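Structure record follows, encoded as structure tokens.
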Amino acid sequence: MASSLHGNNTQICPNPTALNGGSAADVLSAQNQLQLQWLRQPDNFYFNQLQPKIIQSRTIIKDIINADHVDEVSIVDNATTAAAIVLQQIAWGFAEGKFCRGDAAVMLHYAYGAVKKSVEAYVTRAGGYVIEVPLPFPVSSVDEIVKEFRQALRRGKQNGRKVRLAVIDHVTSMPTVVIPVKELVTICREEGVDQVFVDAAHGIGCVDVDMKQIGADFYTSNLHKWFFCPPSVAFLYCKKSTNNSDLHHPVVSHEYGNGLAIESAWIGTRDYSSYLVVPKVLEFINRFEGGIEGIKKRNHEYVVEMGQMLVKAWGTRLGCPPEMCSSMVMVGLPACLGISSDHDALELRTCLRGKFGVEVPIYYRPPKDGEEGGVVTGYARISYQVYNKVEDYYKFRDAINQLVDNAFTCASLPIS
Amino acid sequence: MEHEDPRNGESPHRSSKKPKFSSNYIPESEIRDEFSHHQPRVARINNGSFGSCPGSVLAAQRRWQLQFLRQPDEFYFNTLRNGITASRMIIKDLINADHVDEVSLVDNATTAAAIVLQQIGHSFAEGKFKKSDTVLMLHCAFQAVKKSIQAYVTRAGGSVVEVRLPFPVNSEEEIISEFKKSITEGKSNGRKIRLAIIDHITSMPSVVIPVKELVRVCREEGIDQVFVDAAHAIGSLKVDVKEIGADFYVSNLHKWFFCPPSVAFLHCKKANALSDVHHPVVSHEYGNGLPIESSWIGTRDYSSQLVIPAVLEFVNRFEGGIEGIMERNHEQVVKMGKMLAESWGTNLGSPPEMCTAMIMVGLPSRLCLNSEEDASRLRSYLRDCHEVEVPIFYQVPKDGEDGVRDNDGCITGYVRISHQVYNTLDDYEKLRDAINQIVNDGKTCKMLCIE
């Protein structure tokens, strides 16, 4: 089985042989039981079981994220869906004349690809003006991010425009960096931004997730990435306020108008088992010392340790200081590999998977003007989760060293 | 990958090409095995609501799920897309579509409705349509579709015209005539009808609608687009999208085509596929065409979209394949419907030729089913006390009309019974006897005790 060094896609139930005799197979088996219960007598399950079980999951999440009320917590498939929900109400704001054409939405340059497209589909299309916040990478301090964000907000408010929405990642995807969301939300309030949406796809189980502390209007996080749930389940938190009572799930069922949480709990016949398995997942997590907090802390410590081991072995650098990373960190790859495009990065990833049995996403960082030769243009995003072993990272270290020793360059990769 | 004998029906990756020799048709005992996960002793005669899935297909699904979990990146980059394309190819052939680009896989008809209606909503919001322009739908359209029209059309300023279909219904002509009347209404005062939504098989009450004829009428009357909501169609009756000629056609595969929950196909006539139809959950695939957009809407379990080859293997173990199954389901449900109507002294809701694998059977008037609550109470009572699962329809009496009567009064309630390969005579006798017992005990719906 390939060594997984990534936090990409689904971080699901770890290898059953992982640790402490704890069995993640329990979670998959619990999910299977729920699926069978439905198949056994679906009408009975629909009328008598489904809704109470979803409320149970929502209540657990509410407590973990320190939300005030379970009404504020909806369960959806993934952060991609949550983004569509939040952005669709912005689109209506434009369509119904609540907003003026040209009012702005602000998002990070490193926003997730799907979110960017969603902004295009719902905001740009409806007449909104989109501003991207350029962020430096590699990054050395939180101040660099705050500075760029303030500037972007100022641009957003030029010419009498109003900033209707700020979309802020809690942990960016590629390249991965922890964003100081609490501070940015405060700035948004100071600057009169209507609504703030925190895209924390990597949030729960990866960073501290406290709704009241962060203070955003909307906050979404996937539970299948770092919270051991099967694919796929996420929550969308919506702060109770008159400002944002008009959210709807885009897939409209007979529950339309009963509130987002109820709408999301029935979007037609489908397999809801991943939504229902949250209690069992909590059981699994609490077998670990310190529960999710303990797991988070150890993941962070180990990924930093492994990251530092790798940069030492390769003579490169980390993409950010340790305190700005979570359970993932960007590790510079030797410049001699000659990664000079997104295509090179993808091909190198394929090569690592196929030839070395290493699964790790690679990021291409274009050189900036004025940067001299020998600059690091490729970063690997390594992750640490409870199933990882130090051997996984040695394998990666040795694979790259072997490529370097063989004078491998991306230029030699086949053009596909 | 192991190479297994396809006759074992276990390989998830192969599609069977032809039905088997008669000596190899699936025996009764194996059919029981395939559905052994159904709750025993429950007379399950509501296949229409949530469908059913045989054990061998569930096993295939499990293999796909585990394959993803084993190495999700590898699966995402190398396997998923091809698996979905293979499923779409099979559907394209089944429904006689011209090109696989016309076939998208989505979760269910509810999702497909949101897709079609969102583009209509955009046109109203962006001024392409006038506020007075209309969308036409059947009065008995599925509730989710009605709400979707409210969310996307009414909200954007469009108007809605409902076609009131008669029930019980006696002939296709009755339906066509009402439909034409509503088109006239929708076009009155210089309005344009932008979309007609037509069920192929209505849900409650369930009747087969002459869609081919109605689509033709829509074209004659200059209606912009036609969307056929055929949630129940595939596996229930023959689906030929070229013959039907609609702009959009959706059918759930988990109702009558043995797929696990949930998967549906949305067929878009080629011209539409290139235009402005999008999945509302936007991913990085936005703009690459609906089939591609729908094939990746973020991380989730796509396994139900991948098992269609295994389903084909399953149905081809039956005599006549899916056609044989459809024929026998229809025959049996009509036979059972007549048996019930005769025992209860009631009626069928439609002539046999206007039903497929479901039929509406009148309930004795002595039950005094006079509200939605009564229907709901009776359904729960049948489930809890008689182990019968069957949906009940309350027929609101029309002003000034007496409606159909039995010997004791007006028939105001109907059961919608279904027949699928796992049903036996027992199931219907159980229902028959349960109703007879309630009536003989002198109980009305309001008197039934439930938890």
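The values are calculated or read from the model by the stated rules, or taken from the named source; none is laboratory data. Given the structure is predicted, the values throughout are model-derived calculations rather than measurements. Quick reminder, even Gly has a Cβ in these numbers, built from the backbone with ideal geometry, and neighbours come from all protein chains shown.
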Next item on the list: Could you grab me the full set of residues in the stretch A:156-179 that are aliphatic (A, V, I, L, M), buried (at least 24 other Cβ atoms within 10 Å of the Cβ) and either not assigned by the TED database to the domain that holds A:PRO138 or not in a strand (DSSP E or B) (or both)?
Entry: A:VAL177, A:ILE179
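Residue by residue, here is whether (1) more than 14 Å from every other protein chain (Cβ to nearest Cβ); (2) part of a helix (DSSP H, G or I) holds:
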| position | (1), (2) |
| --- | --- |
| B:PHE393 | yes, no |
| B:TYR422 | no, no |
| B:LYS430 | yes, yes |
| B:GLN437 | yes, yes |
| B:LYS446 | yes, yes |
Margin query: For the stretch B:344-355, check the following and say yes or no: at least one residue is aromatic (Phe, Trp, Tyr) and buried (at least 20 other Cβ atoms within 10 Å of the Cβ).
Written below: yes
Item checked: Only one of B:ARG81, B:ARG88 that is under 30 Å from A:GLU359 (Cα atoms), among the basic types (Lys, Arg), crowded, with 18+ Cβ neighbours inside 10 Å and away from chain A (no Cβ under 14 Å) -> B:ARG88
Check: Of all residues in the stretch B:182-211 being out of contact with any strand residue (DSSP E or B) (no Cβ under 8 Å at 6 or more places or on another chain) and not in a loop (DSSP other than H, G, I, E, B), which is farthest from B:ILE244 (Cα to Cα)?
Finding: B:ASN189
Item checked: Extreme residue, farthest from the chain's Cα centre (by Cα), among residues of the stretch B:38-60 that are among the hydroxyl-bearing types (Ser, Thr, Tyr) and within 9 Å of chain A (Cβ to nearest Cβ) -> B:SER52
Next item on the list: Just one of (1) under 20 Å from the mean Cα position of the chain (by Cα); (2) touching a residue at least 40 places away in the same chain (Cβ under 8 Å) trips up B:PHE35, so point out which.
Entry: (1)
Check: Regarding A:SER274, is this residue over 27 Å from B:LEU69 (Cβ atoms), of a type in the set (Ser, Thr, Tyr) and within 11 Å of chain B (Cβ to nearest Cβ)?
Finding: no
Check: Which of the helices (runs of 4 or more DSSP H) contained wholly in the stretch B:233-323 include at least 1 residues that are at the interface with chain A (Cβ under 9 Å from one of its Cβ atoms) and touching a Pro at 6+ places or on another chain (Cβ under 9 Å)?
Finding: B:253-256
Notebook entry, point to check: Somewhere in the stretch A:95-114, is a residue within 26 Å of A:GLY319 (Cα to Cα), at the interface with chain B (Cβ under 8 Å from one of its Cβ atoms) and either part of a helix (DSSP H, G or I) or at pLDDT below 95 (or both)?
Noted result: yes
Item checked: Subset of the stretch A:27-78 that is touching a Leu at 6+ places or on another chain (Cβ under 7 Å) and among the small types (Gly, Ala, Ser) - its residue that is farthest from the other protein chains (Cβ to nearest Cβ) -> A:SER57
Notebook entry, point to check: If the Cβ limit is 6 Å and pairs must be 6+ apart or interchain, which residue in the stretch A:78-100 that is farther than 28 Å from A:PHE227 by Cβ pairs with which residue that is assigned to a helix (DSSP H, G or I) and acidic (Asp, Glu)?
Noted result: none
Margin query: Within the stretch B:91-131, take every residue that is of a type in the set (Gly, Ala, Ser) and away from every other protein chain (no Cβ under 14 Å) and give me the one that is surrounded by the fewest Cβ atoms within 10 Å (Cβ to Cβ).
Written below: B:ALA97
Checklist line | Candidates B:LYS335, B:LYS398, filtered to the one that is under 24 Å from the mean Cα position of the chain (by Cα) and either surrounded by fewer than 23 Cβ atoms within 10 Å (Cβ to Cβ) or within 14 Å of another protein chain (Cβ to nearest Cβ) (or both) | finding: B:LYS335
